[in-house]
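The values are calculated or read from the model by the stated rules, or taken from the named source; none is laboratory data. Quantities reported herein were computed from a predicted structural model and do not represent experimental measurements. Reconstructed Cβ throughout: ideal geometry from the backbone, glycine too, with neighbour counts over all protein chains shown.
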Amino acid sequence: MEEVNKLVNQGVPFRDAYKKVGLDIEAGKFEYSTNIAHTHEGSIGNLCTAEIKVQMEKVMDSFPFETVNKRIFSLLKD
C-alpha cells in the first residue's frame, strides 16, 4: 500500500496506482522501499502515544469511579 500511496502523491490516480502495483506484483517486477516517512498524527512514524495517554487520562478522570464503587458496595451490603 505504501507504493500505491507514493504513486498517488506523485499525481497518479489511486485506481491507476493500485492497478500498476498489482500488475507489477503479478509480473514479478514489484520493487519497494522499506523507508517510511509518515508525518500525519497516528501514523507509523508519528503515533502520538503521549498525547493519546493524556487524553485517555482526562477521560478516565472524568468518570466518578469512587462514587459508583461506593454505591455498588452499599447495594451489596444489604
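Quick look at the numbers
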read-out: D24 being in a helix (DSSP H, G or I), modelled with pLDDT of 90 or more, acidic (D, E) and surrounded by 10 or more Cβ atoms within 10 Å (Cβ to Cβ); value: yes
read-out: Residue pairs meeting the criteria (Cβ under 7 Å; at least 6 apart or on separate chains; first more than 16 Å from E2 (Cα to Cα), in the range 37-54; second among the charged types (D, E, K, R) and assigned to a loop (DSSP other than H, G, I, E, B)); value: C48/E41
read-out: Residues of the range 63-78 classified as of a type in the set (S, T, N, Q) and surrounded by fewer than 10 Cβ atoms within 10 Å (Cβ to Cβ), total; value: 2
read-out: Number of the exception - Y32 against (1) assigned to a helix (DSSP H, G or I); (2) touching a helix residue (DSSP H, G or I) at 6+ places or on another chain (Cβ under 6 Å); (3) of a type outside the set (D, E); value: (1)
read-out: Residue, nearest to G42 (Cα to Cα), within the range 60-78, restricted to residues that are of a type in the set (A, V, I, L, M, F, W, C) and assigned to a helix (DSSP H, G or I); value: M60
read-out: Options T67, T39; residue that is of a type in the set (S, T, N, Q) and touching a strand residue (DSSP E or B) at 6+ places or on another chain (Cβ under 7 Å); value: T39
read-out: Residue pairs meeting the criteria (Cβ under 6 Å; at least 6 apart or on separate chains; first at positive phi, in the range 3-16; second of a type in the set (V, I, T) and surrounded by 15 or more Cβ atoms within 10 Å (Cβ to Cβ)); value: none
read-out: Scan of the range 31-53 for residues that are closer than 18 Å to N9 by Cβ and hydrophobic (A, V, I, L, M, F, W, C), ordered by number; value: I36, A37, I44
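Conditions tested, residue by residue: (1) of a type outside the set (V, I, T); (2) in a helix (DSSP H, G or I); (3) exposed (fewer than 11 other Cβ atoms within 10 Å of the Cβ).
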{"site": "V4", "(1), (2), (3)": "no, yes, no"}
{"site": "G28", "(1), (2), (3)": "yes, no, yes"}
{"site": "E51", "(1), (2), (3)": "yes, yes, no"}
{"site": "K58", "(1), (2), (3)": "yes, yes, yes"}
